[in-house]
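The values are calculated or read from the model by the stated rules, or taken from the named source; none is laboratory data. Since the model is a prediction, treat every value here as computed from it, not as a measurement. Here Cβ is always computed from backbone atoms with ideal geometry, including for glycine, and neighbour counts include all displayed protein chains. Note: accessible area is taken over every heavy atom of the protein model, side chains too, but ligands, DNA and RNA are not part of it. Shrake-Rupley method; radii C 1.70, N 1.55, O 1.52, S 1.80 Å.
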Amino acid sequence: MDKSDAVNVQTENVPVIDLNLTINENPVKVQVEPTARLVDILRDELQLTGTKISCGIGRCGACSVMIDGQLVNACLTMAYQADQTSITTIEGVSRDQEMDPIQKAFLEEGGFQCGYCTPGMVMAVKVLLEEVPVPTEEDIKMALSGNLCRCTGYGGIIRAVQRMAAENSEVR
Amino acid sequence: MVNEHEPLMSGKPPTLPVPTKIWRPSDLSEAWELKRRYGSEACYITGGTLIQLQREQGTPLAEHLISLDKINVLEGFDQLEDEGQFKLRIGALTTLSDCHRNVFIEEYWPILAEAIRHVASPAVRNRATIGGNVCYQVGDVIPALMVLEAEAVSFDGTTYLRNDIATYIQSVNGKDHPILTSITLPEPPVSAQVLSFFKKVGRREAFIPSIVTVACYTCINESGEVEYIRLAAGGGTASPKRLYESERFLQKKVLVEEDLGRLYDLVLQEYVPASDPFTTAEYRKTVAANVIVSEFEKLIQ
Amino acid sequence: MQQMKASEKRNRKRPDGPDKVTGRLNYLTDLHFPHMLYGKIKRSAYPHARILSIHTEEAEQLPGVRAVVTFKDVPGLNAFGIVTPDQPVLCEDTVRYVGDAVAAVAADTKEMAEHACSLIAIEYEPLPVVDDPAEALGAATPKLHPDGNLLHKAHFYKGDVDDAFHKCTEIVEETYQVPRQMHTYMETEGGVIVPEPDDTLTVYVGTQHGYKDRFQLSRILNMPEEKIRIVSSPMGGSFGGKDELNIQPYGALLALASGRPVKIHQTRQESVISGLKRHPMRITMKTGVAADGKIIAHKVDILADTGAYSTLGPAILEFAVEHSTGPYVIPNVKTEGVSVFTNNGVAGEFRGFGGNQVTFALEGQMDRLAYRLDVDPLEFRRHNLRETDEIGPIGQRIASTDGAYQVLQSIKEHRQLKIKEENEMPDKWKVRGIGTAITMHGGGLGYGRLDPAGGRLCLKESGKIEAAFGFEEAGQGILGVIETIVTEELGCSVSDLSVVIGDTSLVPSSGSTTASRGTSMVWHALQKMKEPFCKLLIEKGEALTGVEGHRLQTGKGGLVVTAHDGEEIPIITYEELAQQSTEEEMTTSTNFDFPTTPDPIDSGHFLYTFGAVLAQVEVDLLTGKVKVIDLDQAIAAGPVVNYLGYKGQIEGGGVMSLGYTLLEDALMSEGEYMTQNLDAYLIPGIGDVPFTMKVEAIETLPEDDPYGPRGVGEIGSVAVAPAIAKAIQEAVGYWVRRLPVSSEEVLAEVSKRRINPWTKAMQ
């Protein structure tokens, strides 16, 4: 047998692979086609519908999740690429009904309206603040450049991030 | 009369298309062999961000996807010393984010960092690779790599080839093109004054295909004379190219205001972009010429 | 009736907020049912063609396929359309745009459904494509509908313009062109349609008017309305785009054919191709001023491209005609509008409803005239502005309002401050300019159109006061509005309240969630229901507790008596009240119509909101690119119900129009979309918008105004384009005629002026 045989146990006639993931700190095993999109696996197979789907080509950020701590578009990630990774979705950001401070800031500053871009936006902000606790205007624009919002005009989102920045700079 | 689709005549029950098979070879020879074996039914994949875009647009996935992500030698950075010159080798599978974060790139090749900053979004840059951007043939990093005299190292099944970026990009069009394995950046020349820039103009501020990209690396000696110049432009569906005529015009020159008009004309002449439904070639030319000339104007005191 | 208090404190966190920011909220496209199938719609391969044959046999044989439907499977009327049903549900013999549906499939997986669609063989005979609205009415142009390509004509005549133009000292004539903007709601059309065991159908699909969908589906399915339940909320955005039916009929037909729940969720590409857009219009205006600086003549010609089917095309044209004089008093007006059928997609309802298009043209005229007269553009506007009790724009009486003057004054003061700001330019190739524009915008559907509203209050057995309205939550914040108004009017607390919307089985009809009418209608409903509802509760409370009714009032947690120090003393909780009542639940409901003008002038509005915009731009002289660095608005719409929601509507509407002005166009060529996803259809990203935007809310209404807060869903989007256009002219001298602004045209103008030394050298 070719040592470069196809991924995992996939053989010529079996189109599915065993995908081993850690999602929001829980081990998850699913059987899917290796080219299935991560966004479909999350939404359809695992019913983790907090991750949204909008453009399907990585241009809007509605499906943003973290893979091994990095922000990625779940619509651009194929199943085999996610194998053996640790994924955080919006469902993993707030635990036991306790909102993340970022979520509270979105709530109180009007950082959402229809809410459909919000999970992805929150993920992007979370990654930003982990890397840069007190971001500048340029940092915010860069970090959120892949997340589109049609309702707010970004005003409330910017205010939410700035509030977090202010809180973080006080802590320091 | 047009048949969008031939009605069923065979009598055989229809089936779903054959699912795509993913191969994850662990070294380059195997990758090469797989591609030879499956030919046009196979396609290399790294980050896959472009393939996913094309899939959503209606292009079916290839029957065989040969993922290069398990070939460890293709990822990461190596600092090399070659005849006393400092070089940085970037594995073709290194993500654009990792390139952007690299301290050497930031210090020695800032226009590459600038070019990367303008590619897509942070989330896409976390998946997309520098090799993928080069093989895309119209990627925004290409003009920057061109003016930095970057070298493309590729594997043709038996040997490693070393080419300049333009030559490698040309080869991507051919069947069985060599696999890009790394990009080597030589330390750029130094002089009394350096003018280097990367500019991208798009229809939106960020996450946007380019209308025009220009990159330049120019050394000016103590007497104000241009002694080294590399200038390249791309944008839209046009493959980025060096602007040799403009380079020749500027070489050995101490720039005066009267030269700007001539430079403007030269760029207009030799930069050949394409039109699309949103932007005309004429506009792209004017923008490229304006942006380049405005930068060189800074040399005139 | 009392006026609502102007209040800065109404800054409520939205009740739907926690579920939205945590991702817990289930949108209708997130739903999943046991044995659910996935549906796909097979749309036309041509913008205009005759269908010769449709073969579905092969698709039906694909394993996993559970239902395939074509026109033959439509039991009732094979057509839909809010006003005139002229769009086929499933085309039989002709397709008129690339989004026309020919067949639909339900299968076990999305992939199977998609592949089955590719196996449906349709034989077409392509027909000539009508893609230029200007040629749609030509004698040689193919007719797209039996009555030809003229969808609608609308006009307004007043005085004698031809005569008046002779008396003008200055006349400006210009033709303006505006693009096909896409709503780009982030959640594309979709949901699940479930056939219930009792032969009813539940439709979980977002829409702006559940009852209207129920009516339309009943007609298509030949099924009594009572057997159809529409759950229409929440939605991930709509902006007018989901008011018309979209995927509901296909999901319903497939669910009925397969007997299983069917989910359809369009991809973005499918949404672009099939979905509604804003009407592209070509507007020619000729406007003349007399020696005293008063506009005395205004001639307007509007050509609107509605595309393949009528949907709300006629109403939008009438709205555009009504708003083509804006807040100005002009004695001689001749406005003529035509909307035509073409093979270019379908244009329909979109935030602003035709107002945005004509306002761009009208305010463009105002700025050009002021420039010619060499007077301040805002001063010129004020000179021609309507007075408080002025008649409405098409001769109808309207609610008394100072809004026009208020917003104009506010933006004028703001501009003075802005001009004084010291601006350090980033480099010598950037120049800045400031522009302003104002507008007035009608709320509600207008005279002569059924515009019913209603609501219901009920003390449930659980002790919760249920406020039920037939509105939908699409992001605008109607839940927060209802919560605020009901708690304020009844004096109860949020925890006493349960708000129900968007489900035809639970709510009364409140009319469509459209035309900036939601907030206004909730307030009106409460004014009507408050007294009778409180009376019911108090009478019951008196009977149960013996406390005299006149001392009792509804308060936090239950009925209370107010002590001398103002403190509320609880008497009986709502829960006790509900549980100790032996009879039916205490319910009050109301039905009424949106206030209209007393004058029988069709489509005329009565309640108007006003907006003024200040835009500052930075133009790049090397590229012609325009960046908006300030976008501030003053709005007069009565009391603010929820400041956070209000500001969000204005900022969001503003940025949506920033996109309209600079970026967005669903470009078509020969009936095909040149852009099919968000890589080429560009909506503003965070880098394209001013980092801070100011919203000045002017809450004062004329004394004794009985109409309460007006809605602000649209007003923030209306006057943005002309303000940006004027700012560009201030910066580089270029007068924008066509949207989105072409960087190429701006750059050509800059080059003409030879600002760069090297282009000078070229000559």
Response to the item:
chain B, Gaussian network, Cα under 10 Å: of B:82, B:259, B:69, the residue fluctuating most is B:82
Worksheet item: Heavy-atom accessible area per residue, the protein assembly as shown, 1.4 Å probe: how many Å²?
Response: 37 Å²
Discussion item. Using only the heavy atoms of the protein chains and a 1.4 Å probe, how would C:374, C:451, B:78 rank by accessible area, largest first?
Written reply: C:374, B:78, C:451
Worksheet item: Roughly how big is the B-C contact, given as buried accessible area in Å² (both sides, 1.4 Å probe, nearest 100)?
Response: 3800 Å²
Discussion item. Can I get the semi-axes of the stretch A:111-172's equivalent ellipsoid? Compute them from the C-alpha gyration tensor as square roots of 5 times the eigenvalues, in angstrom, largest first.
Written reply: 20, 11, 10
Discussion item. So, taking all protein chains as they sit and a 1.4 Å probe, how much accessible area belongs to residue B:160, in Å² rounded to tens?
Written reply: 130 Å²
Practice prompt. Express in % the proportion of alpha carbon pairs of the stretch C:551-639 at distances exceeding 15 Å.
Written response: 80 percent
Practice prompt. Quote to one decimal, in nm, the extra length available between residue C:545 and residue C:157 on full extension: 0.36 nm per residue of separation minus the C-alpha distance between them.
Written response: 133.2 nm
Worksheet item: Which residues of the stretch A:57-79 show a drop of at least 50 Å² in accessible area when all protein chains are present, compared with their chain alone (probe radius 1.4 Å, heavy atoms only, ligands and nucleic acids excluded)?
Response: A:57, A:59, A:70, A:71, A:76, A:78
Fill in: Probe 1.4 Å - accessible area at residue C:464, Å² to nearest ten
80 Å²
Practice prompt. Excluding residue C:609 itself, calculate the net charge of residues whose Cβ lies under 10 Å from the Cβ of residue C:609, where each Lys or Arg counts +1 and each Asp or Glu counts -1.
Written response: 0
Discussion item. What's the total accessible area buried between chains A and B, using a 1.4 Å probe, rounded to the nearest 100 Å²?
Written reply: 3100 Å²
Worksheet entry | Given charges at beta-carbon only (K, R positive; D, E negative), |dipole| of the protein assembly as shown in Debye | 1280 debye
Worksheet, complete the sentence: Interchain or sequence-distant (5+) residues whose placed amide H lies within less than 5 Å of the amide H of residue C:103 are C:42
Practice prompt. Report, in cubic angstrom per residue, the convex hull volume of the C-alpha atoms of the stretch C:95-180.
Written response: 195 Å³
Item to complete: With a 1.4 Å probe and all protein chains in place, put B:36, C:753 in order of accessible area, largest first.
Response: B:36, C:753
Discussion item. Over all directions, the average projected area of the alpha-carbon convex hull for the stretch A:11-84 comes to how many nm²?
Written reply: 4.9 nm²
Worksheet item: lysines within cross-link reach of residue C:530: Cα-Cα under 17 Å, excluding same-chain residues under 8 positions apart?
Response: C:5, C:460, C:464, C:540, C:556
Worksheet entry | Enclosed volume per residue, in Å³, of the convex hull spanned by Cα atoms of chain C | 184 Å³
Discussion item. Am I reading the A/C interface right? What is its buried accessible area, both sides, 1.4 Å probe, to the nearest 100 Å²?
Written reply: 4200 Å²
Item to complete: DSSP loop (so not H, G, I, E, B), at most 15 other Cβ within 10 Å: list which GluC sites (Glu not before Pro) in the stretch C:517-616 pass both filters.
Response: C:548, C:567, C:583, C:584, C:585
Fill in: Around residue C:744: net Lys/Arg minus Asp/Glu count, Cβ-Cβ under 12 Å
+2
Item to complete: Find out how many positive minus negative residues lie around residue C:284, taking Lys and Arg as positive, Asp and Glu as negative, among other residues whose Cβ is under 12 Å from that of residue C:284.
Response: +1
Practice prompt. Multiply the residue separation of residue C:215 and residue C:177 by 0.36 nm, subtract the distance between their alpha-carbon atoms, and state the gained length in nm to one decimal.
Written response: 10.0 nm
Item to complete: Using only the Cα atoms, work out Rg/Rh for the stretch C:514-568, with Rh taken as the Kirkwood radius, to two decimals.
Response: 1.15
Practice prompt. Using only the Cα atoms of the stretch C:575-614, build the gyration tensor, take square roots of its eigenvalues as a ≥ b ≥ c, and label the shape rounded, prolate or oblate: rounded if a/c is under 1.5, else prolate if a/b is larger than b/c, else oblate.
Written response: oblate
Worksheet item: Taking the Cα atoms of the stretch B:166-264, what is the range of coordinates along each of the three principal axes, in descending order and whole Å?
Response: 49, 32, 24
Fill in: Most fluctuating residue given options A:90, A:17, A:53, as computed from a GNM of chain A linking Cα atoms under 10 Å
A:17
Worksheet item: Which cross-chain or sequence-distant (5 or more) residues have an amide H under 5 Å from the amide H of residue C:681, H modelled 1.01 Å from N in plane?
Response: C:676
Practice prompt. Set the Förster distance to 30 Å, then compute FRET efficiency between residue A:25 and residue A:136 from the Cβ-Cβ distance, nearest 0.05.
Written response: 0.40
Item to complete: Would you mind computing the Rg to Rh ratio of the protein assembly as shown from its alpha-carbon coordinates, Kirkwood style for Rh?
Response: 0.97
Discussion item. I'd like the projected area of the stretch C:1-139, averaged over all directions, using the convex hull of its alpha carbons. Report it in nm² with one decimal.
Written reply: 16.7 nm²
Item to complete: Would you compute, for the Cα atoms of the stretch C:471-608, the largest minus smallest coordinate along each principal axis and list the three values in descending order, in whole Å?
Response: 54, 31, 28
Response to the item:
residue C:389 and residue C:579 label points (each 7 Å along its Cα→Cβ direction) are spaced in nm at 5.7 nm
Worksheet item: Which whole-number percent of Cα pairs in the stretch C:702-763 have a distance greater than 18 Å?
Response: 56 percent
Response to the item:
If each part is reduced to its alpha-carbon centroid, the stretch C:147-208 and the stretch B:183-221 end up apart, in Å, by 46 Å
Item to complete: Would you calculate the separation in nanometres between label points at residue C:562 and residue C:61, each defined as 7 Å from the Cα along the Cα-to-beta-carbon direction?
Response: 8.0 nm
Discussion item. Among the listed pairs C:40/C:72; C:299/C:694; C:143/C:277; C:20/C:625; A:104/C:647, which have their C-alpha atoms separated by more than 29 angstrom in this model?
Written reply: C:299/C:694; C:20/C:625
Worksheet item: Leaving out same-chain residues fewer than 8 places away, which aspartates and glutamates sit with a Cα under 15 Å from that of residue C:227?
Response: C:196, C:198, C:199, C:213, C:503
Worksheet item: So what does residue B:168 come to for accessible area, using a 1.4 Å probe and Å² rounded to 10?
Response: 0 Å²
Discussion item. What Kirkwood Rh does chain A have if only Cα atoms enter the pairwise 1/r average? Answer in Å.
Written reply: 17.0 Å
Worksheet item: Which whole-percent values make up P(r) of the stretch C:400-550 when all C-alpha to C-alpha distances are grouped in 5 Å steps starting at zero?
Response: 2, 7, 13, 14, 12, 10, 9, 8, 7, 6, 5, 3, 2, 1, 1, 0, 0
Worksheet item: Which whole DSSP H helices in chain C pass both tests: a Cα extent of 27 Å or more along the axis and a mean Kyte-Doolittle value no lower than -1.0?
Response: C:518-545, C:643-662
Discussion item. If amide hydrogens are placed 1.01 Å from N in the peptide plane, which non-local residues have theirs closer than 5 Å to the one on residue B:129?
Written reply: B:47, B:96
Worksheet, complete the sentence: In nanometres, the difference between 0.36 nm per residue of separation and the alpha-carbon distance of residue C:409 and residue C:291 is 40.0 nm
Worksheet item: Magnitude of the Cβ-charge dipole of chain C, K/R +1 and D/E -1, about the Cα centre, nearest 20 debye?
Response: 1460 debye
Worksheet entry | Under Karplus coefficients 6.51, -1.76 and 1.60, residue-wise ³J(HN,Hα) of the stretch B:153-161 in Hz, glycine/proline x | 9, 9, 10, 10, x, 10, 10, 9, 9
Worksheet, complete the sentence: Whole-Å distance linking the alpha carbon centroid of the stretch C:445-471 with that of the stretch C:497-537 is 3 Å
Worksheet item: In whole Å, what is the distance between the alpha-carbon centres of the stretch C:625-685 and the stretch C:20-96?
Response: 31 Å
Practice prompt. Using every Cα-Cα pair within the stretch C:265-417, state what percent have a distance larger than 22 Å.
Written response: 49 percent
Item to complete: Could you check how much of the accessible area of the protein assembly as shown is carbon and sulfur, as a whole percent, using a 1.4 Å probe?
Response: 48 percent
Practice prompt. Can you tell me the FRET efficiency between residue B:107 and residue B:298 if r is taken as the Cβ-Cβ distance and R0 is 22 Å, rounded to the nearest 0.05?
Written response: 0.50
Fill in: Helix-only mean residue ellipticity at 222 nm for the protein assembly as shown, each DSSP H run of n ≥ 4 adding -39500 (n - 2.57), per residue, nearest 500
-8500 deg cm²/dmol
Practice prompt. Would you mind computing Rg(Cα) / (2.2 N^0.38 Å) for the stretch B:15-57, counting N as its residues?
Written response: 1.31
Worksheet entry | Within the stretch B:184-281: Cβ-based charge dipole about Cα centre, in debye rounded to nearest 20 (Lys, Arg +1; Asp, Glu -1) | 400 debye
